[in-house]
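Reading through the structure tokens given below for one structure.
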Amino acid sequence: MPLSSSGPLSSSGPAGSSGRAGRSAGRTGLTEQLKRGLEAPICLTWELTYGCNLACIHCLSSSGRRDPRELSTAEARAVIDELAEMQVFYVNIGGGEPTIRSDFYPLIAYAVSRGVGVKFSTNGSTLTPARAGELAGMDYVDVQISLDGADAATNDAVRGRGSYEAARAAMDNLAAAGFGPFKISVVVTRENVDQLDALWEMALSYRAQLRLTRLRPSGRGADTWSLLHPTAAQQVDLYTWLVAHPDVLTGDSFFHLSALGEPLPGLNLCGAGRVVCLIDPVGDVYACPFVLHDEFKAGSVRDPGGFAAVWRSSALFTSLREPASAGACASCGSYDACQGGCMAAKFFTGLPLDGPDPECVHGHGEALLAGVPAGGAPSPGPGHSVPVSLSARRR
Ligand code: SF4
Ligand code: SF4
């Protein structure tokens with residue numbers, strides 16, 4: 001049974017405010033509070049494994065092979081204990097494909113038993129009718145099926161041959177088991193942005209919720225971003241579509257598009273290290289899931305003091321909670337809405353962190369990108385990608 005999607009980061013916006021003026025004032029106060037950080041993250045992503053049976057060309061963690069240093073079952077349970085003590089309301093579990101860990105289901109059951117809800121992302125390939133039935137009987141567990149196109153040709157070009165069929169079978173199984181409103185999670189690309197209506201209708205047909213996320217140039221996405229990220233004209237269409245579909249979940253993905261007009265629902269700031277962070281499969285803690293790079297590594301859950309010490313007092317997270325300079329965006333009239341965009345998108349495209357987002361709706365990012373020399377962007381490294389010959393066999 002899914003978790004509720006209401007709350008401060010939901011697509012429906014901060015709870016309790018009414019009317020545009022009230023929403024705006026409430027939003028500003030909340031934004032300032034969130035910028036200073038919280039006792040515990042609101043949006044904690046935990047990648048349980050680098051292992052994956054697919055090789056998506058935009059994978060933010062360059063997953064493929066398991067890492068021998070991945071947290072053991074006992075260590076993972078200890079992390080859950082810590083999250084429970086910190087009163088973390090829920091954790092987003094991903095990977096890699098998290099369900100390939102043999103202890104995956106016992107671990108999510110343990111999290112729920114400790115009062116930590118679980119929302120997990122999966123490519124659906126292991127979600128059999130029996131598994132779907134078990135999940136339907138669990139409280140505080142939600143499922144996100146990843147799908148990057150409304151048809152097999154569009155999806156499989158990104159996620160690999162057979163992945164569309166596997167994802168649809170998983171959705172069928174969840175629906176047949178009466179799971180409730182699971183999520184269909186789509187990374188918006190140049191190739192699927194014209195399919196948003198079809199994806200929305202697909203979600204409706206399952207009584208599921210559509211969740212859209214932004215393509216960031218992280219992991220293997222660094223190599224594919226320039227070809228796959230939506231064009232400037234498509235960004236405008238996407239913004240218009242999102243305004244017309246407030247029921248679609250977006251998290252913090254598209255706040256840079258708020259510079260086009262009324263603010264989009266969701267978190268309108270970069271929450272990295274403030275309300276967002278990532279625990280990777282080996283226990284390292286990063287500012288957000290899209291910045292797997294030493295520069296944004298705050299510590300490890302294996303360090304003395306564990307995750308709580310990293311979250312509350314690491315030098316990196318402390319600095320990210322300081323007031324940030326608007327830099328080259330300071331003179332932009334849209335800064336309050338856009339906040340200069342996404343730190344990860346800037347970092348991995350080689351742009352200064354205190355300047356415009358590479359997809360700045362006023363075109364400033366595009367102009368700056370033209371000046372980044374070849375090889376001038378930081379490399380995300382090879383990660384855990386399976387060698388090309390093997391991954392080609394999977395497609
Ligand atoms: S760096 Fe980008 S993806 Fe990460 S929290 Fe900030 S805005 Fe979100
Ligand atoms: S100049 Fe900066 S603040 Fe203005 S729209 Fe572009 S990225 Fe956003």
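The values are calculated or read from the model by the stated rules, or taken from the named source; none is laboratory data. Fair warning: this is a prediction, and the values are worked out from it, not measured in the lab. Backbone-built Cβ (ideal geometry, glycine too); neighbour counts: all protein chains shown.
Hey, can you tell me all the residues within segment 215-245 that are closer than 16 Å to Gly365 by Cα and not in a helix (DSSP H, G or I)?
Leu215, Arg216, Pro217, His229, Pro230, Thr231
Being part of a helix (DSSP H, G or I), in contact with a His (Cβ under 8 Å, 6 or more places away or on another chain) and more than 16 Å from ligand 1 (Cβ to nearest atom) is the filter here; which residues of segment 299-340 pass it?
Ala328
In segment 67-92, how many are aliphatic (A, V, I, L, M) and not in a helix (DSSP H, G or I)?
4
I'd like to check something: does segment 120-127 contain any residue that is closer than 18 Å to Gly283 by Cα and modelled with pLDDT of 95 or more?
Within segment 120-127 (the criterion being closer than 18 Å to Gly283 by Cα and modelled with pLDDT of 95 or more), the answer is yes, since at least one residue qualifies.
Find all pairs meeting these conditions: Cβ atoms under 8 angstrom apart; at least six residues apart or on different chains; first residue within segment 29-55 and more than 16 Å from Arg312 (Cβ to Cβ); second residue basic (Lys, Arg) and in a helix (DSSP H, G or I).
Close Cβ pairs (under 8 Å, with a partner that is basic (Lys, Arg) and in a helix (DSSP H, G or I)) amount to Asn53/Arg394; Leu54/Arg159; Leu54/Arg394; Ala55/Arg394.
Given the structure, is Ala337 within 12 Å of ligand 2 (Cβ to nearest atom) and in contact with a Phe, Trp or Tyr (Cβ under 6 Å, 6 or more places away or on another chain)?
Considered against the rule, which asks whether it is within 12 Å of ligand 2 (Cβ to nearest atom) and in contact with a Phe, Trp or Tyr (Cβ under 6 Å, 6 or more places away or on another chain), Ala337 comes out as no.
Identify all residues within segment 109-141 that are crowded, with 24+ Cβ neighbours inside 10 Å and of a type in the set (Asp, Glu); write none if there are none.
Within segment 109-141, no residue meets the criteria.
Among the residues of segment 203-231, how many are surrounded by 15 or more Cβ atoms within 10 Å (Cβ to Cβ) and over 21 Å from the mean Cα position of the chain (by Cα)?
So the answer is 1.
Contact list please: Cβ distance under 7 Å, first residue in segment 277-291 and in contact (Cβ under 8 Å) with a residue 40 or more places away in the chain, second residue assigned to a loop (DSSP other than H, G, I, E, B) and of a type in the set (Val, Ile, Thr), pairs at least six apart or on different chains.
Cβ pairs passing all conditions: Ile279/Val301; Pro281/Thr49; Gly283/Val301.
Sort out which residues of segment 269-283 are within 17 Å of the chain's Cα centre (by Cα) and away from ligand 1 (no atom under 12 Å from the Cβ), and write them in order of number. I'd like the intermediate steps shown before the answer.
Of the residues in segment 269-283, the ones within 17 Å of the chain's Cα centre (by Cα) are 269-281.
If the condition is that a residue be within 17 Å of the chain's Cα centre (by Cα) and away from ligand 1 (no atom under 12 Å from the Cβ), then Ile279, Asp280, Pro281 are the ones that fit.
For segment 93-114, which positions are under 19 Å from Gly306 (Cα atoms), touching a strand residue (DSSP E or B) at 6+ places or on another chain (Cβ under 6 Å) and not in a helix (DSSP H, G or I)?
The one that is under 19 Å from Gly306 (Cα atoms), touching a strand residue (DSSP E or B) at 6+ places or on another chain (Cβ under 6 Å) and not in a helix (DSSP H, G or I): Ile93.
Return the only residue of Arg214, Arg220 being away from ligand 2 (no atom under 16 Å from the Cβ) and either in contact with a Leu (Cβ under 9 Å, 6 or more places away or on another chain) or under 16 Å from Ser185 (Cα atoms) (or both).
Residue meeting the stated conditions: Arg220.
Taking into account only those residues within segment 248-261 that are among the small types (Gly, Ala, Ser), closer than 23 Å to Gly333 by Cβ and not in a helix (DSSP H, G or I), which is farthest from ligand 2 (Cβ to nearest atom)?
Ser253
I'd like to verify a number: residues in segment 341-367 that are in a loop (DSSP other than H, G, I, E, B), free of Cβ contacts under 8 Å to residues at least 60 places away in the same chain and within 8 Å of ligand 2 (Cβ to nearest atom), how many?
Matching residues across segment 341-367 total 2.
Looking only at segment 26-52, which residues are over 19 Å from Ala287 (Cβ atoms), buried (at least 17 other Cβ atoms within 10 Å of the Cβ) and out of contact with any Pro (no Cβ under 9 Å at 6 or more places or on another chain)?
Cys52
Does Arg302 qualify as being under 24 Å from Gly29 (Cα atoms), away from ligand 2 (no atom under 16 Å from the Cβ) and not polar (S, T, N, Q)? Break it down stepwise before answering.
Numbers: under 24 Å from Gly29 (Cα atoms): no; away from ligand 2 (no atom under 16 Å from the Cβ): yes; not polar (S, T, N, Q): yes.
Here the answer is no, as Arg302 does not meet what is asked.
Exactly one condition in (1) part of a helix (DSSP H, G or I); (2) under 21 Å from Val188 (Cα atoms); (3) of a type in the set (A, V, I, L, M); (4) within 16 Å of ligand 2 (Cβ to nearest atom) is false for Leu264; which is it?
With (1) part of a helix (DSSP H, G or I); (2) under 21 Å from Val188 (Cα atoms); (3) of a type in the set (A, V, I, L, M); (4) within 16 Å of ligand 2 (Cβ to nearest atom) applied to Leu264, the lone miss is (1).
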